[in-house]
Amino acid sequence: MVRTGILNPQLLSLIARVRHTNTIVVADRGFPSWVGLETIDLSLVDGVPTVLQVVAALREHAHYGEAFMAEEFLSHNDEETLGNFEEALRGVSLTYEPHVDFKKRIPGAIGLVRTGDTTQYANIILVSA
């Protein structure tokens, strides 16, 4: 029995299959479903878990060199939220792009992890290094 780190067996299976340059999407509660894309739904209630909690857990298990977020995130959130995301992605090259372009990257991902996060445009695509 796994007793530390990520306990969810589906999430462990997903991250074990990620290779160099593969991507994982960590999404908020309202992110749309993608037909054919493996989705692990961790949402419990509003705010549980958060995107940043899932990102922190994923970063404990693998190295991500790049990340993408919607540029709308910058204008829809306060300075504290922006700082929290910046801190969580420290050491990862972060690119902001229009939400419509961000969504074009989704079908190429290994999987999508849905959270209960309510932060506007909190979705992150992590690229394995």
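The values are calculated or read from the model by the stated rules, or taken from the named source; none is laboratory data. Keep in mind the model is a prediction, meaning the values are calculated, not measured. As a convention, Cβ positions derive from the backbone with ideal geometry for all residues, glycine included, and neighbour counts pool all protein chains shown.
A few comments on the model shown:
- Scanning the stretch 72-83 for residues that are loosely packed, with under 15 Cβ neighbours inside 10 Å and either within 15 Å of Pro32 (Cβ to Cβ) or touching a residue at least 24 places away in the same chain (Cβ under 8 Å) (or both) yields one hit, His76.
- Hits in the stretch 85-106 - residues which are surrounded by fewer than 17 Cβ atoms within 10 Å (Cβ to Cβ) and either closer than 19 Å to Tyr64 by Cα or touching a strand residue (DSSP E or B) at 6+ places or on another chain (Cβ under 6 Å) (or both): Glu86, Glu87, Arg90, Gly91, Ser93, Leu94, Thr95, Tyr96, Glu97, His99, Arg105
- Note on the stretch 2-115: enclosed helices (runs of 4 or more DSSP H) holding 1 or more residues that are at pLDDT below 95, closer than 17 Å to Val127 by Cβ and in contact with a Gly (Cβ under 8 Å, 6 or more places away or on another chain) are 51-61.
- The single condition among (1) free of Cβ contacts under 8 Å to residues at least 12 places away in the same chain; (2) touching a helix residue (DSSP H, G or I) at 6+ places or on another chain (Cβ under 6 Å) that Ile40 does not meet is (1).
- The set of residues from the stretch 67-92 being under 14 Å from the mean Cα position of the chain (by Cα) and farther than 16 Å from Val54 by Cα comprises Ala70, Phe73.
- Residue that is surrounded by the most Cβ atoms within 10 Å (Cβ to Cβ) [pool: residues in the stretch 13-48 that are farther than 12 Å from Gly111 by Cα and among the aliphatic types (A, V, I, L, M)]: Leu42
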